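*Asks:* My questions all concern the structure below.
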Amino acid sequence: MTIIYFIVALGILVVVHEWGHFIMARRAGIRVDQFSIGFGPKLFSYKSKQTEYLFSLLPFGGFVRIHGQDPDEESEGDPKKAEAIRKSPDAYASKTVLQRLGVVLGGPVMNLVFCVLIMPVVFMLGKTVPAILEKPPVILGVKENSPGEKAGFKKGDLILEIDGKKFSEWDSVFQWVLLHPQEKAQVLVERQGQNFSLLLETTTSPYMKETVGYAGFEPLFFVNNEPVLGMVSANGPAFQAGLKEKDQIQAIDNKPINSWEELTAIIRSSEGKKMLVDYMREGQALKAEITPQYHEGMKAWVIGITKYFDPSSVVKKRYGFFEAFKEGTQENLKLLGMTYDVLKRLFSFQLSYKALGGPIQIAQASAAAGRQGLSDFLYFLSFLSMQLGILNLLPIPVVDGGHVLFLGIEVLRGKPLSYRIRHAAAILGMVFLVGLMLVVTANDIDRVWGLTQIWEWVRGVLR
């Protein structure tokens with residue numbers, strides 16, 4: 001099912017993106033030779049108004065082929081043919097800079113329009129969130145030796161402001177902490193009717209090292225804190241030992257386990273030694289031997305489990321049409337701000353490249369969202385569409401932002417760059433994108449399986 005959700009998500013968003021290019025090209029009087037849903041061998045097609053519409057075998061997105069977008073390439077280096085294409089009234093190259101800019105921006109803009117239209121639908125269907133994140137940011141607890149404890153936060157403190165910005169619910173505080181690892185901030189709290197200013201210095205999360213921020217008072221640490229298993233990762237140590245969702249851990253090596261924190265602390269300090277685990281399943285006492293694995297991405301010993309969340313601890317809020325549009329707009333603006341913040345921190349080297357996710361993580365996230373229902377899947381699609389739109393606007397040759405850059409240079413020079421320069425830039429852009437894809441895929445593999453374990457397996461095979 002993970003592959004199916006991934007194909008559906010990717011297919012919808014790429015078709016939306018290419019449809020934007022298609023619409024703007026047609027409006028500018030540019031001939032569109034092909035519009036394909038999918039790649040590879042053609043399954044069937046039909047032709048209408050000089051455009052061939054294809055349905056292809058591999059459903060991984062789609063493409064549009066616009067006449068005259070690159071006359072030098074289309075003419076296979078023949079100068080006369082290239083010039084004839086440029087002069088063709090229905091060719092991309094014959095249009096004004098403004099018309100060509102409209103075609104280039106059509107894809108990213110359509111992705112953003114998709115967000116504007118879909119996010120309100122999410123709020124009309126009902127958005128599912130942990131109930132605690134909807135509540136005022138009253139601290140439920142502070143983890144020992146955490147940044148929050150060192151700063152002086154106490155149970156019952158109400159967070160009012162962070163660096164002068166007001167906060168009214170846990171969701172926005174939680175997002176702030178995640179996006180600001182290793183940063184100092186003045187936090188205004190209310191304690192027993194009096195206001196205090198505390199200096200918080202976040203660290204990177206001990207659970208997702210070098211990826212997200214950590215304060216130690218995040219509310220999800222202190223709700224559903226029983227040692228009950230949620231998701232059990234396929235092929236992880238717990239899965240291989242036979243543990244399942246909703247199993248409750250009773251003891252490890254005969255030491256009673258009373259909370260999720262105790263469970264994770266013992267696993268992290270295990271140094272990979274085999275553990276005897278006592279657990280309950282539907283009233284039956286069971287035992288298992290589990291050997292933790294070291295996860296390079298998380299920099300911790302793990303057994304491949306997550307905490308179980310009782311369905312009663314989440315809420316699904318539904319809104320009327322106008323209220324949903326308002327909430328959807330606010331959510332889109334929040335996600336836009338988060339995306340900008342992540343990009344800024346990434347390009348200023350304040351955020352590690354290990355924070356980036358690739359196709360495996362997208363596939364897992366799309367499947368997780370799909371299993372939660374239509375509302376969550378549409379929310380994920382809207383979020384991913386925004387990322388696709390924004391990333392396509394980056395000034396990298398071979399993506400839309402690169403074409404915008406070339407058009408800007410053309411305006412300044414009074415003529416376009418030569419084919420040789422554009423071709424060389426395209427090669428550099430492709431090398432960058434392939435390198436980026438390798439990095440994010442390596443990150444995904446590291447998160448799921450751990451590169452160290454894979455390398456040890458490869459070494460064992462080669463011996």
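The values are calculated or read from the model by the stated rules, or taken from the named source; none is laboratory data. From a predicted model like this one, the values you see are computed outputs, not experimental measurements. As a convention, Cβ positions derive from the backbone with ideal geometry for all residues, glycine included, and neighbour counts pool all protein chains shown.
*Asks:* Please state which one of Gln240, Gln186, Gln250, Gln182 is more than 22 Å from the chain's Cα centre (by Cα), outside the structural domain of Ala288 (by TED's automatic domain parsing) and not hydrophobic (A, V, I, L, M, F, W, C). First the steps, then the outcome.
*Replies:* Working: Gln240 fails: outside the structural domain of Ala288 (by TED's automatic domain parsing); Gln250 fails: outside the structural domain of Ala288 (by TED's automatic domain parsing); Gln182 fails: more than 22 Å from the chain's Cα centre (by Cα).
Among Gln240, Gln186, Gln250, Gln182, only Gln186 is more than 22 Å from the chain's Cα centre (by Cα), outside the structural domain of Ala288 (by TED's automatic domain parsing) and not hydrophobic (A, V, I, L, M, F, W, C).
*Asks:* Also: What single numbered condition from (1) over 26 Å from the mean Cα position of the chain (by Cα); (2) modelled with pLDDT under 95 fails to hold for Asp157?
*Replies:* (2)
*Asks:* Could you go through region 192-200 and let me know if any residue there is in the same structural domain as Glu149 (by TED's automatic domain parsing) and in contact with a Pro (Cβ under 9 Å, 6 or more places away or on another chain).
*Replies:* Pass one, region 192-200, residues in the same structural domain as Glu149 (by TED's automatic domain parsing): 192-200.
Filter once more, keeping what is in contact with a Pro (Cβ under 9 Å, 6 or more places away or on another chain): 200.
Yes: region 192-200 contains one or more residues that are in the same structural domain as Glu149 (by TED's automatic domain parsing) and in contact with a Pro (Cβ under 9 Å, 6 or more places away or on another chain).
*Asks:* Can you tell me which residue is farthest from Leu13 (Cα to Cα) among those in region 28-66 that are touching a residue at least 40 places away in the same chain (Cβ under 8 Å) and under 33 Å from the mean Cα position of the chain (by Cα)?
*Replies:* My answer is Ile66.
*Asks:* Can you go through Val315, Val277 and tell me which one is part of a strand (DSSP E or B), of a type in the set (Val, Ile, Thr) and closer than 30 Å to Phe123 by Cα?
*Replies:* Val315
*Asks:* From Val129, Val187, Val142, Val173, which residue is assigned to a strand (DSSP E or B) and under 24 Å from Asn224 (Cβ atoms)? Break it down stepwise before answering.
*Replies:* Details: Val187 fails: under 24 Å from Asn224 (Cβ atoms); Val142 fails: assigned to a strand (DSSP E or B); Val173 fails: assigned to a strand (DSSP E or B).
Selected residue: Val129, the only one of Val129, Val187, Val142, Val173 that is assigned to a strand (DSSP E or B) and under 24 Å from Asn224 (Cβ atoms).
*Asks:* Which one of these is of a type outside the set (A, V, I, L, M), touching a Pro at 6+ places or on another chain (Cβ under 9 Å) and surrounded by 15 or more Cβ atoms within 10 Å (Cβ to Cβ): Pro137, Pro147, Pro181?
*Replies:* Numbers: Pro147 fails: touching a Pro at 6+ places or on another chain (Cβ under 9 Å); Pro181 fails: touching a Pro at 6+ places or on another chain (Cβ under 9 Å).
The match here is Pro137.
*Asks:* Now a separate question. Can you pull out the residues in region 230-254 that are part of a strand (DSSP E or B) and either without any contact (Cβ under 8 Å) to a residue 60 or more places away in the chain or in contact with a helix residue (DSSP H, G or I) (Cβ under 7 Å, 6 or more places away or on another chain) (or both)?
*Replies:* Residues of region 230-254 part of a strand (DSSP E or B): 230-232, 248-252.
Passing the criteria: Val232, Gln248, Ile249, Gln250, Ala251, Ile252.
*Asks:* Applying the selection to region 48-67, what residues are modelled with pLDDT of 85 or more and surrounded by 10 or more Cβ atoms within 10 Å (Cβ to Cβ)? If you could, list the steps in order and put the result at the bottom.
*Replies:* Step one: of region 48-67, the residues modelled with pLDDT of 85 or more are 48, 50-55, 64-67.
Within region 48-67, Gln50, Thr51, Glu52, Tyr53, Leu54, Phe55, Val64, Arg65, Ile66, His67 meet the criteria.
*Asks:* Can you pull out every residue in region 89-105 that is part of a helix (DSSP H, G or I) and touching a residue at least 12 places away in the same chain (Cβ under 8 Å)? Break it down into steps so the answer makes sense when it comes.
*Replies:* First pass over region 89-105, keeping only residues part of a helix (DSSP H, G or I): 92-94, 97-105.
Matches in region 89-105: Tyr92, Ala93, Ser94, Val97, Gln99, Arg100, Leu101, Gly102, Val103, Val104, Leu105.
*Asks:* Picking from Ala151, Ala234, Ala185, which residue would you name as being among the small types (Gly, Ala, Ser) and in contact with an Asp or Glu (Cβ under 6 Å, 6 or more places away or on another chain)?
*Replies:* On the way: Ala151 fails: in contact with an Asp or Glu (Cβ under 6 Å, 6 or more places away or on another chain); Ala234 fails: in contact with an Asp or Glu (Cβ under 6 Å, 6 or more places away or on another chain).
Ala185 is the lone residue from the list that is among the small types (Gly, Ala, Ser) and in contact with an Asp or Glu (Cβ under 6 Å, 6 or more places away or on another chain).
*Asks:* Let me ask something else about it. Can you tell me which residue among Ala234, Ala238 is of a type in the set (Gly, Ala, Ser) and exposed (fewer than 15 other Cβ atoms within 10 Å of the Cβ)?
*Replies:* Details: Ala238 fails: exposed (fewer than 15 other Cβ atoms within 10 Å of the Cβ).
So the residue among Ala234, Ala238 that is of a type in the set (Gly, Ala, Ser) and exposed (fewer than 15 other Cβ atoms within 10 Å of the Cβ) is Ala234.
*Asks:* Check Ser197 against each of (1) buried (at least 18 other Cβ atoms within 10 Å of the Cβ); (2) small (Gly, Ala, Ser); (3) over 22 Å from the mean Cα position of the chain (by Cα) and name the one condition it does not meet.
*Replies:* Answer for Ser197: the failing condition is (1).
*Asks:* For region 261-299, which positions are crowded, with 18+ Cβ neighbours inside 10 Å and within 24 Å of the chain's Cα centre (by Cα)?
*Replies:* His295, Glu296, Gly297, Met298
*Asks:* What number of residues within region 406-415 satisfy the criterion of being free of Cβ contacts under 8 Å to residues at least 40 places away in the same chain and surrounded by fewer than 17 Cβ atoms within 10 Å (Cβ to Cβ)?
*Replies:* Our first condition is that a residue be free of Cβ contacts under 8 Å to residues at least 40 places away in the same chain; within region 406-415, this holds for 406, 408-409, 412-415.
Then drop every residue that is not surrounded by fewer than 17 Cβ atoms within 10 Å (Cβ to Cβ), which leaves 408-409, 412-415.
Residues flagged as free of Cβ contacts under 8 Å to residues at least 40 places away in the same chain and surrounded by fewer than 17 Cβ atoms within 10 Å (Cβ to Cβ) within region 406-415 amount to 6.
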